[in-house]
Ligand SMILES: [Zn+2]
């Protein structure tokens, strides 16, 4: 830029929205100045405002872009048959289909205001799609070693090679175990040094039955294929604690069936949680105790998961589901708390807070009928979003 002289540099952007989405509420009467993508100033403004809400962009705390084509394709409404159907469907897809599904899903994330994705990727396509659309984030290259044709050591070596390919396209990529029961304990222990880490945990009650009592559908599955039980533990979270996997930078995905002792472990270790309410509702999972997690000081983000269980990619619908589930439990979370989860402020991942000196990607959102987060969440759709920076 310098060789063209300072006169061609972009002037600062002055924004005068009807309200700014700040961490604790929508605030009217503010002017926001943005220079070179950085929020240079937030100051009082008394003139006439423009009819939109200014918000930080959204952080999708858990995603599987590659399953976008499976929306409305799986009939099971219970976790275990659902995942068996998903696994069978994966085998029917051509590589080009996976590539185009990832791209479509990445674009749908952009349209609903997402700029950062914590992406679990088993196959290919996510890195290309996120780089092409211009999304920030982290790719968790999934490791599965249970019931694979290769021995765990060979499988891990193959996934490390896949990770190197992914990193060539999207550098912020790491290995991540898929779930507590799809990876053998030795491999899980070897992955404990990875940072960040992300793993599906306690999505159903099956994991507690499996670890505490060696019973339930996971145990039946292990028995059918003569797989050794990983050892009795009070819960899936306690199992991970025994392997040294609970630490700052570890993301626990779902955490539906967690009790007070589990939450105390997660809080003291500094782990974060990805809450995926629409997926949990669809698969009949227990209602995640988000109120208790927030009260325990656990960072909680909002994950759109995959279209195979969550439906259309829509952060507003996910926020509505988070509110509904918490109210149904009789332990409500507030609309402000849900907005902080959606914009990453309380996610333990990226934080897209509007504050001075922050390089926060911004969204204009159509005005709701009232200047409250409640109304904004209730009335908005992906079509209400107009990306700004
Ligand atoms: Zn997932």
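The values are calculated or read from the model by the stated rules, or taken from the named source; none is laboratory data. Source: prediction; values computed, not measured. Cβ atoms come from the backbone with ideal geometry, glycine included; neighbour counts cover every protein chain shown.
Here are the numbers for the structure shown:
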read-out: Selection count, the range 347-380, where residues are in contact with a helix residue (DSSP H, G or I) (Cβ under 7 Å, 6 or more places away or on another chain), in a loop (DSSP other than H, G, I, E, B), under 18 Å from residue 115 (Cβ atoms) and in the same structural domain as residue 40 (by TED's automatic domain parsing); value: 1
read-out: Residue in the range 178-192 that is more than 16 Å from the ligand (Cβ to nearest atom) and without any contact (Cβ under 8 Å) to a residue 24 or more places away in the chain present; value: no
read-out: Some residue of the range 133-152 being modelled with pLDDT under 90, outside any loop (DSSP other than H, G, I, E, B) and assigned by TED's automatic domain parsing to the domain that holds residue 312; value: yes
read-out: Where residue 331 falls short, out of the listed (1) in a loop (DSSP other than H, G, I, E, B); (2) at pLDDT 95 or above; (3) buried (at least 16 other Cβ atoms within 10 Å of the Cβ); value: (3)
read-out: In the range 43-70, the residues that are assigned to a strand (DSSP E or B) and crowded, with 19+ Cβ neighbours inside 10 Å; value: 52, 53, 54, 55, 56, 58, 59, 60, 61, 62, 63
read-out: Odd one out for residue 37, checked against (1) closer than 24 Å to residue 111 by Cβ; (2) touching a strand residue (DSSP E or B) at 6+ places or on another chain (Cβ under 6 Å); value: (2)
read-out: Residue 92 outside the structural domain of residue 373 (by TED's automatic domain parsing) and either under 29 Å from residue 348 (Cα atoms) or within 16 Å of the ligand (Cβ to nearest atom) (or both); value: no
read-out: Residues of the range 256-289 classified as assigned to a loop (DSSP other than H, G, I, E, B) and either out of contact with any strand residue (DSSP E or B) (no Cβ under 6 Å at 6 or more places or on another chain) or away from the ligand (no atom under 12 Å from the Cβ) (or both), total; value: 13
